[in-house]
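Peer 1: The structure is given below, and queries will be raised subsequently.
The values are calculated or read from the model by the stated rules, or taken from the named source; none is laboratory data. The model shown is predicted, which means the values in this text are computed figures rather than measured ones. Every residue, glycine as well, gets a Cβ built from its backbone with ideal geometry; the counts of neighbours run over all protein chains shown.
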Amino acid sequence: MAVPHLNCCVAVILLLALLSGCNARIHKLSLKNETRFAVDLNNFGFFANGTLNVTLSSLWLNEQHINYTNSVGFSLSRSRVNGVLSYTAEETEACPFTTEPTNDEPLILFLIDIRNLRVNVQAKGIQDNILIAKEKKVKEIPAARPQESADTLTAKRVQMKPSGDGGKDKPGGPKAEEKPNPVGDATKVEETTFLLNTTTQPILALDKVNGFYKFNFLMVVGPKAEGLYSLKFHYCQNRIPGTKLHYSLTVEVIEKNPGSYLSAAEIPLSQLYICMAGVFFTAAMVWVYTLMKHRYSVFKIHWLMAALAFTKSTSLVFHSINYHFINTEGHPIEGWAVMYYITHLLKGALLFITLALIGTGWAFVKYILSDKEKKIFIIVIPLQVLANVAYIIIESTEEGSSEYYLWKEILFLVDLICCGAILFPVVWSIRHLQEASSTDGKAAMNLEKLKLFRHFYIMIVCYIYFTRIIAILLKITMPFQWQWCYEFMVEVSTLIFFVLTGYKFRPASNNPYLQLPQDEEDVEMDEVVTESGALEGISKVKKTSNGRDRQKEPAL
């Protein structure tokens, strides 16, 4: 089975193409000819004194058809739990610029007014944040110029460039050090700090260069405003049925907690993964010791299970290193990220292959797969490759890109199909043992194996339901700073599943799964007999009509 090698090749190709442009918690998103009315830029959990720095470096709009009133801008909303399914509700979500919030959670709106070259900021709900940005102040030009004082005239002379004739000023000469203002405009731009609340509505400066609009702001999270924030870009005019106006934008988002570039729920993950790596490595060493102790009852699949445990441990080590560099640098180191993805892909492939082989009984009671069982591998293995490709794309793509949610849905669907497909070999084995227990005279042994397979089936179902459904439901109900517990529950459940599977199918003489017929009269003509994994397939016994004379045939 060369699928792990195929996964590695796919991983290397994708990582070289995608990881070079991935900046992790320093996000930069470029969209061209976009028509979505809402773009989910990012979700991030902030502690007190965390900072959000947003720079809109270019925004192009079709000004011939745009509605200039509350149509374009950004929204920054806060929730105390994870909005995992928020993107699925975008089609029915109303424009936040024209509707009032239904709760007291903080909501900050940045309405882009391209007609007056400004950004109107509206703060709703309970606020405790500080906004730092360039304010646009408009001062009215008086009808008649007042008499200038002597001090004012002296200051102007100092700013004027001296002429070559004794230092006298030339009234018509150029003024090199004086910054001219646009004709008819008395706008002054300066950086200002605002304490956001419902009574203050700052007006920020909006620049226009070569037809592209740009502005930036920095927000500092207050002690009472901690939570999970969601930053979105809105083009509300595209919510109108039949309206698809194109726009392009480039935005950079830098999110940071005190001393860390990780979200509040991700800060403990580096320590969690390295600790779980040590636990899995210990379990793998115990398993290898068990195999060496019962070496005459060991089969090939036992070593495959050991390889899976070691690969899982190695994957967690690289995952921890990857999060460490994101925590300190704001982006992963490409070499470590590549190593993590390769080991992650190998772990995923080994997991489904091992479970499918155990379910078919391969190497324990038979060493040849039926055509029906081979079809399961033909389906599951390519789907695992697709799931691995989807995972890499999701991890290497900005959340606001259009393909992000497509590949996220593909990963979820393909993962469920793979989890369902590996149940079929177990079901077939259970059905076969049910039929055999009532026909071939080996009822006691087959009933023991039947009971074991039923336990294995229940274990797989519980593992799938917990890691794919229950743990996610628990995650979206937890406070934002405790959502790392989701990863902890998944890793612990995986460890328990590995330990129980190893215990059920351990290489021991009293394991009912590995027991051989005690009565030679019960040996079927075509049954492959093996006393140990090392002697697997050595010989088979042919039964004569009287049940006494037996002839051994050469090994297959």
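Peer 1: Working only within the stretch 216-244, note down all residues that are closer than 15 Å to ASP40 by Cβ and of a type in the set (Ser, Thr, Tyr).
Peer 2: Scanning the stretch 216-244 gives TYR229, SER230, TYR235.
Peer 1: Do we have any residue at all in the stretch 113-130 that's farther than 22 Å from CYS236 by Cα, in the same structural domain as PHE215 (by TED's automatic domain parsing), within 29 Å of the chain's Cα centre (by Cα) and at pLDDT 70 or above?
Peer 2: yes
Peer 1: Report every pair of residues separated by at least 6 positions or lying on different chains whose Cβ atoms are under 6 Å apart, first residue within the stretch 316-328 and in contact (Cβ under 8 Å) with a residue 24 or more places away in the chain, second part of a helix (DSSP H, G or I) and of a type in the set (A, V, I, L, M).
Peer 2: Within 6 Å, the pairs are LEU316/MET276; LEU316/ALA277; VAL317/ALA277; PHE318/MET339; SER320/ILE274; TYR323/LEU269.
Peer 1: Another question about this same structure. Among the candidates LEU249, LEU262, LEU272, LEU304, which residue alone is at pLDDT 90 or above and farther than 30 Å from GLY348 by Cβ?
Peer 2: From the options LEU249, LEU262, LEU272, LEU304, the qualifying one is LEU249.
Peer 1: Would you check which residues across the stretch 245-265 are among the charged types (D, E, K, R) and crowded, with 21+ Cβ neighbours inside 10 Å and list them? Lay out the reasoning, then the answer.
Peer 2: Taking the stretch 245-265 as the starting set, the residues that turn out to be among the charged types (D, E, K, R) are 252, 255-256.
GLU255 - this is the single residue of the stretch 245-265 that is among the charged types (D, E, K, R) and crowded, with 21+ Cβ neighbours inside 10 Å.
Peer 1: Tell me, yes or no, whether the stretch 450-473 has at least one residue that is more than 27 Å from VAL427 (Cβ to Cβ), aliphatic (A, V, I, L, M), out of contact with any Ser or Thr (no Cβ under 8 Å at 6 or more places or on another chain) and not assigned by TED's automatic domain parsing to the domain that holds GLU226.
Peer 2: Of all residues in the stretch 450-473, those more than 27 Å from VAL427 (Cβ to Cβ) come to none.
The answer is no, given that none of the residues of the stretch 450-473 is more than 27 Å from VAL427 (Cβ to Cβ), aliphatic (A, V, I, L, M), out of contact with any Ser or Thr (no Cβ under 8 Å at 6 or more places or on another chain) and not assigned by TED's automatic domain parsing to the domain that holds GLU226.
Peer 1: A further question on this structure: Is it the case that some residue within the stretch 441-458 is modelled with pLDDT of 85 or more, among the β-branched types (Val, Ile, Thr), in a helix (DSSP H, G or I) and within 30 Å of LEU269 (Cβ to Cβ)?
Peer 2: Among the residues of the stretch 441-458, not one is modelled with pLDDT of 85 or more, among the β-branched types (Val, Ile, Thr), in a helix (DSSP H, G or I) and within 30 Å of LEU269 (Cβ to Cβ), which makes the answer no.
Peer 1: What do you reckon, is LEU383 at pLDDT 80 or above, surrounded by 21 or more Cβ atoms within 10 Å (Cβ to Cβ) and in contact with a helix residue (DSSP H, G or I) (Cβ under 7 Å, 6 or more places away or on another chain)? Break it down into steps so the answer makes sense when it comes.
Peer 2: Working: at pLDDT 80 or above: yes; surrounded by 21 or more Cβ atoms within 10 Å (Cβ to Cβ): no; in contact with a helix residue (DSSP H, G or I) (Cβ under 7 Å, 6 or more places away or on another chain): yes.
Considered against the rule, which asks whether it is at pLDDT 80 or above, surrounded by 21 or more Cβ atoms within 10 Å (Cβ to Cβ) and in contact with a helix residue (DSSP H, G or I) (Cβ under 7 Å, 6 or more places away or on another chain), LEU383 comes out as no.
Peer 1: Surrounded by 23 or more Cβ atoms within 10 Å (Cβ to Cβ) and more than 17 Å from ASP415 (Cα to Cα): which single residue out of GLY335, GLY330, GLY359 fits that description? Break it down into steps so the answer makes sense when it comes.
Peer 2: Details: GLY335 fails: surrounded by 23 or more Cβ atoms within 10 Å (Cβ to Cβ); GLY330 fails: surrounded by 23 or more Cβ atoms within 10 Å (Cβ to Cβ).
Of the residues listed, the single one that is surrounded by 23 or more Cβ atoms within 10 Å (Cβ to Cβ) and more than 17 Å from ASP415 (Cα to Cα) is GLY359.
Peer 1: Kindly check whether there is at least one residue in the stretch 279-296 that is buried (at least 19 other Cβ atoms within 10 Å of the Cβ) and not in a helix (DSSP H, G or I).
Peer 2: Looking for residues that are buried (at least 19 other Cβ atoms within 10 Å of the Cβ) and not in a helix (DSSP H, G or I), one finds none in the stretch 279-296, hence no.
Listed here are the residues, each with its yes/no results for (1) surrounded by fewer than 18 Cβ atoms within 10 Å (Cβ to Cβ); (2) at pLDDT below 75; (3) not assigned by TED's automatic domain parsing to the domain that holds ASN129.
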position	(1), (2), (3)
LEU18	yes, yes, yes
PHE37	no, no, no
LEU41	no, no, no
PHE47	no, no, no
GLY50	no, no, no
ASN53	yes, no, no
SER58	yes, no, no
